[in-house]
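Peer 1: Once you've had a glance at the structure underneath, I'll fire off some questions.
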Amino acid sequence: MIRQMADRFLAGESLRSITAWLNRSGIPPLRAGSGTSGLWHSYTVRSVLSSARISGQRAYAPDTRADPAGGREILGPGDWEPIITPEETAQIRAILADPTRRRTTPARPTLLGGIARCGKCGAGLTIAGKLSPTGNTQRYTCQKDPSRPERGGLSINAAHLDDYITERVLHRLTRPRPSSDKESTSALLGRVVEINTRLGQLEQDRAERFITSSEHRVARLVAEDALRETERQLVATEDAVALYAAPIGNREALKDWWHALDVTDRRAVITTLITRLRIAPGKPGRSFDPTRVLITYRP
Ligand SMILES: [Zn+2]
């Protein structure tokens with residue numbers, strides 16, 4: 001969810017628009033205190049986005065209640081798993097400090113920047129290289145960092161990785177994995193597929209006159225109620241708001257749906273389905289090696 005907040009902000013969304021999105025999604029606010037009435041406010045969003053903690057860094061925490069406008073001073077790396085990269089935190093803070101910056105340097109989000117991580121050091125990969133006419137030379141790269149000698153040296157072809165992950169995500173939405181946990185994302189996705197199949201079957205049954213029009217109408221209402229209820233549960237599951245009304249189970253419709261999404265929404269879909277994406281070190285050579293891509297799916 002923090003990943004999605006950062007993505008939306010870096011893609012140019014305002015604090016107000018992100019706040020509205022969070023409240024629509026029903027995700028309870030972080031740092032909920034008394035008097036917040038369970039709703040997000042712009043200042044909560046701002047405080048989460050500027051937090052050093054979300055990029056795995058420790059911050060100076062003086063004994064004051066309010067965060068300073070630019071966020072607390074960053075002391076150095078922490079020992080917890082970062083959600084966004086330190087570069088992204090720096091970018092977010094720069095925009096918060098000077099909103100006009102965004103207009104002069106529009107953030108161009110990549111499909112997997114910060115989501116794909118280095119299999120050696122765990123750093124979020126960022127895109128490097130120019131976009132050539134074939135679009136094939138950009139690479140997701142572990143950036144060198146003088147203060148962290150373990151960083152750098154790993155990279156993977158960006159276009160190929162984008163295509164590969166897109167294919168995995170669409171496959172997963174077409175055929176969700178069976179799950180014994182009824183509340184899990186996979187189980188809920190499987191349920192949506194079942195209901196959509198049932199709705200298709202009802203149309204066929206009516207066309208072939210196996211059922212009457214009024215039987216069809218009643219059965220359809222029941223199925224549509226169940227669909228809405230399942231989608232509501234899916235959205236209530238943390239992060240799954242990105243899948244609301246997606247044509248789950250229908251490969252062709254999913255392809256069109258995916259093409260219509262912007263990069264920010266595609267990233268939200270990816271982080272809904274994939275909890276961890278690591279790129280293992282590669283052997284020298286030019287061709288794309290999918291065995292380097294280590295995907296952990298949400299249960
Ligand atoms: Zn690395």
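Peer 1: Going through the stretch 152-174 one residue at a time, which ones are within 16 Å of the ligand (Cβ to nearest atom) and either over 15 Å from Ala128 (Cα atoms) or in contact with a helix residue (DSSP H, G or I) (Cβ under 7 Å, 6 or more places away or on another chain) (or both)?
Peer 2: Ile156
Peer 1: Across the stretch 135-158, which residue is farthest from Glu87 (Cα to Cα) among those that are charged (D, E, K, R) and without any contact (Cβ under 8 Å) to a residue 24 or more places away in the chain? First the steps, then the outcome.
Peer 2: First, pick out the residues of the stretch 135-158 that are charged (D, E, K, R): 139, 144-145, 148, 150-151.
Still in the list and also without any contact (Cβ under 8 Å) to a residue 24 or more places away in the chain: 139, 144-145.
Details: Arg139: 17, Lys144: 12, Asp145: 11 Å.
Per the criteria, the residue is Arg139.
Peer 1: Now a separate question. Quick test for you: out of Cys142, Cys121, pick the one residue that is within 21 Å of the chain's Cα centre (by Cα), within 15 Å of the ligand (Cβ to nearest atom) and either among the polar types (S, T, N, Q) or modelled with pLDDT of 90 or more (or both). Full working, then the answer.
Peer 2: On the way: Cys121 fails: within 21 Å of the chain's Cα centre (by Cα).
On inspection, the qualifying residue turns out to be Cys142.
Peer 1: A follow-up question, please. Search the stretch 16-37 for residues that are under 16 Å from Leu243 (Cα atoms) and pair each with any residue that is surrounded by 13 or more Cβ atoms within 10 Å (Cβ to Cβ) and modelled with pLDDT under 60 when their beta-carbon atoms are under 7 Å apart and the residues are at least 6 apart or on different chains.
Peer 2: Pairs that qualify, where the first residue is under 16 Å from Leu243 (Cα atoms) and the partner is surrounded by 13 or more Cβ atoms within 10 Å (Cβ to Cβ) and modelled with pLDDT under 60, are Ile27/Glu238.
Peer 1: Could you list, in sequence order, the residues of the stretch 183-229 that are loosely packed, with under 15 Cβ neighbours inside 10 Å, among the hydroxyl-bearing types (Ser, Thr, Tyr) and assigned to a helix (DSSP H, G or I)?
Peer 2: Passing the criteria: Thr197, Ser213, Ser214.
Peer 1: With of a type in the set (A, V, I, L, M, F, W, C), in contact with a Gly (Cβ under 9 Å, 6 or more places away or on another chain) and either surrounded by fewer than 21 Cβ atoms within 10 Å (Cβ to Cβ) or at pLDDT 80 or above (or both) as the only criterion, which of Ala11, Ala20, Ala32 stands out?
Peer 2: Working: Ala11 fails: in contact with a Gly (Cβ under 9 Å, 6 or more places away or on another chain); Ala20 fails: in contact with a Gly (Cβ under 9 Å, 6 or more places away or on another chain).
None of the other options fit; the residue is Ala32.
The values are calculated or read from the model by the stated rules, or taken from the named source; none is laboratory data. Since the model is a prediction, treat every value here as computed from it, not as a measurement. Every residue, glycine among them, receives a Cβ derived from its backbone with ideal geometry; neighbour counts consider all protein chains shown.
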